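What follows is a set of notes on a single structure, which appears directly below.
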Number of protein chains: 2
Amino acid sequence: MEDGTSQALGYCTGTEDDQVRQWDTRADCEVRHILDRVADKWSLLVIALLDRRAMRFSELRRAIDGVSQRMLTVTLRHLERDGIVSRTVYPVIPPRVDYELTPLGVSLHEVIKSLVTWTEEHQQQIAAAHAAYDSRAAAERELVSPLHG
Amino acid sequence: MEDGTSQALGYCTGTEDDQVRQWDTRADCEVRHILDRVADKWSLLVIALLDRRAMRFSELRRAIDGVSQRMLTVTLRHLERDGIVSRTVYPVIPPRVDYELTPLGVSLHEVIKSLVTWTEEHQQQIAAAHAAYDSRAAAERELVSPLHG
DNA sequence: CAGAATCCGGCGAGATACTG
DNA sequence: CAGTATCTCGCCGGATTCTG
């Protein structure tokens, strides 16, 4: 079994008055771990989907489109280990496994949504910044090799 | 020049009433992009540091400890392109380049801090979930190969 | 000092095949 | 259906070297 958290980095903060501390002690810091989970390629999708209702494995697989069965399993295991989703196995044939958000998961999703909201509110500015940066970079390149046809 | 955003995935939401939509149209979605930026291994550190004051390249390099010069450059370029940090070059010898958070960057940091705060408030629960999961997994393995010595 | 360019190793992730 | 196991490949990121 692989572990995606091994290369975790220490972003350790206290409260607002004690921001950036202990950059070197990276072992005991949970922030990076949760961030990895949140930013995970598929975690976010899973959390958003499960926020609406509990879903079966194959339901998630179909809903997410593009996720491999392996990565969905790995993602769900991680989320389960972090206490964000719960896994319920029904001993029937064919097997049935339901996944749903725990209260902790719901709580996390609230915070995530604020980040999503922020992005939506600022994506104009970001797009503008991209355009500005790219044109600047293009102008820069012009100076180096001016073929300005 | 490399681009870490090419494999972006579409986590597209509208407002609260229009949560999970268009999982397949992944091109026009900015959320994933920002998330990649936020979750980036070093971005967070840079943002947190620059929130206090403007800093030079080598200052950041020393402050962050563990970052390679290449990755710091790449990180800063990404953040600059997204309009999160600004880059100021002083045409002196030796060269001096200052980086600082833009208003957009400050705004983003506010949101990030809420995520950090959430993590701090719940890391007990997360740790408990880890312990529970691991012991369950261990018990599971016991059933398969019971060598219970 | 601040960076660009190049090389290269490790692992994250997809595809495939097998199981209960 | 809901996984696990194995193999492989791409590219992310560190180290190194070279400039202005």
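The values are calculated or read from the model by the stated rules, or taken from the named source; none is laboratory data. Since this is a predicted model, take the numbers as computed values, not measurements. With ideal geometry, Cβ positions are generated from the backbone for all residues, glycine too; neighbour counts draw on all protein chains shown. Quick note on the areas: whole protein, heavy atoms, side chains included, nothing else; ligands and nucleic acids left out. Shrake-Rupley method; radii C 1.70, N 1.55, O 1.52, S 1.80 Å.
Summary of computed values
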{"quantity": "Nearest beta-carbon to the A/B symmetry axis - residue in chain A, distance in Å", "calculated": "A:Ala39, 1"}
{"quantity": "Copy-to-copy label separations for B:Val92, where each label sits 7 Å from Cα toward Cβ, in nm and ascending", "calculated": "7.4"}
{"quantity": "Accessible surface of B:Val89 - all protein chains present, 1.4 Å probe, nearest 10 Å²", "calculated": "80"}
{"quantity": "Copies compared at A:Glu142 - label distances in nm, ascending, label defined 7 Å from Cα in the Cβ direction", "calculated": "7.2"}
{"quantity": "Averaged over B:97-105, number of beta-carbon atoms from partner chains that fall within 10 Å", "calculated": "1"}
{"quantity": "Distance in nm between pseudo-label sites at A:Tyr90 and A:Ala63 (7 Å out along the Cβ direction from Cα)", "calculated": "1.6"}
{"quantity": "Segment A:77-149-segment B:103-136 distance, computed between alpha-carbon centres (Å)", "calculated": "16"}
{"quantity": "Cβ-vector label at 7 Å, A:Asp65, separations to other copies in nm", "calculated": "4.7"}
{"quantity": "With all protein chains modelled, accessible area of B:Phe57 [1.4 Å, Å²]", "calculated": "50"}
{"quantity": "In nm, spacing of pseudo-spin labels at A:Arg141 and A:Glu121 (7 Å Cα→C-beta vector)", "calculated": "3.5"}
